[in-house]
Amino acid sequence: MPELRSTCDSKGDTLVEGKQLRDGECLISANGAFTLGLFSVDASGKRYLGIWYTKYDDKKVRVANRDDPIPDSSGYLTIDDDDGRLIISHSGGSKDLVSNYTQKANINSTSAILRDDGNLVLRENQNTSDGWGQVLWQSFDHPTDTLLPRPECRSSTPRHFSPKRGYAPNGFRFDDDMSIIDCQAKCWSECPCVAYASTNDDRTGCEIWSQEMQRLFRVEEYYDGQAREIYFLQSNQGNI
């Protein structure tokens, strides 16, 4: 794809219910590293919702509607008032689902935040110490939404990454400067890899594990302050 055109009007890092992120507007992570917005790749005028590195807008991280672009500049991202899902809509009236969270249940309201690591997170608003409740959906769980090439070993079964807190044996470590998104890409491209995690508190660095090591993982039901957040590759039938 040609370079993205990323000039946009920043609306902070969070989208709340009742608001729309329109064409020409964007979310930028608090550290300024990542941008989310609508972009085009040619003169056709078709628009895509994506996340990219702010300083390198030709380095695309994720595209939500690659197979169903918006036909013009009337598109916008919003949170559905009925069920709290993230959707893309436009003047033609059609809606494309971004998040696969499908039941609002007893949750009063939700917000979407673009985190410093490039992860788009949909979470409930709640009266807690930090003002946030449970995570309902996050883009990191869905590597098939990235522009990464799909290895042959990943093509037979629908797969996603699911985060869990736990302890793990030493895996294979890579560059300490690698971002968590690049770490996901590394795991996705390495067929034996079934899990990955950052190695530093700022979510940089990369460690991956093969299937043979998975039996040594110990997952904690509650976060005890020491357990790591590890992303496990899963299929519809459970862990790979």
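Computed from the coordinates by the stated procedures, all read-outs in this text should not be read as laboratory data. Quick caveat, the model's predicted, so the values are computed rather than measured. Positions of Cβ are generated from backbone atoms using ideal geometry, with glycine treated the same way; all protein chains shown enter the neighbour counts.
Quick notes on this structure:
- Filter on Lys164/Lys186; Lys46/Lys95; Lys11/Lys164; Lys60/Lys186; Lys19/Lys95 - keep pairs with C-alpha separation over 22 Å: Lys11/Lys164
- The stretch between Asp176 and Thr7 holds 57.8 nm of extra length on full extension. This uses 0.36 nm per residue minus the Cα-Cα distance.
- Label-point separation, Asp68 to Tyr167 (7 Å along Cα→Cβ), nm: 4.5
- Proximal aspartates and glutamates relative to Lys55, as straight alpha-carbon distance under 13 Å, when same-chain residues fewer than 8 apart are discounted: Glu3
- Debye equation applied to the C-alpha atoms of segment 9-141, log10 I(q)/I(0) at 0.11 Å⁻¹: -0.36
- Multiplying the residue separation of Ser109 and Ile87 by 0.36 nm and subtracting their alpha-carbon distance yields 6.4 nm.
- Computed over segment 9-141, relative contact order equals 21 percent, with contacts defined as Cα pairs under 8 Å that lie 6+ residues apart.
- Whole-Å distance, taken between Cα centres, linking segment 174-210 and segment 20-72: 24
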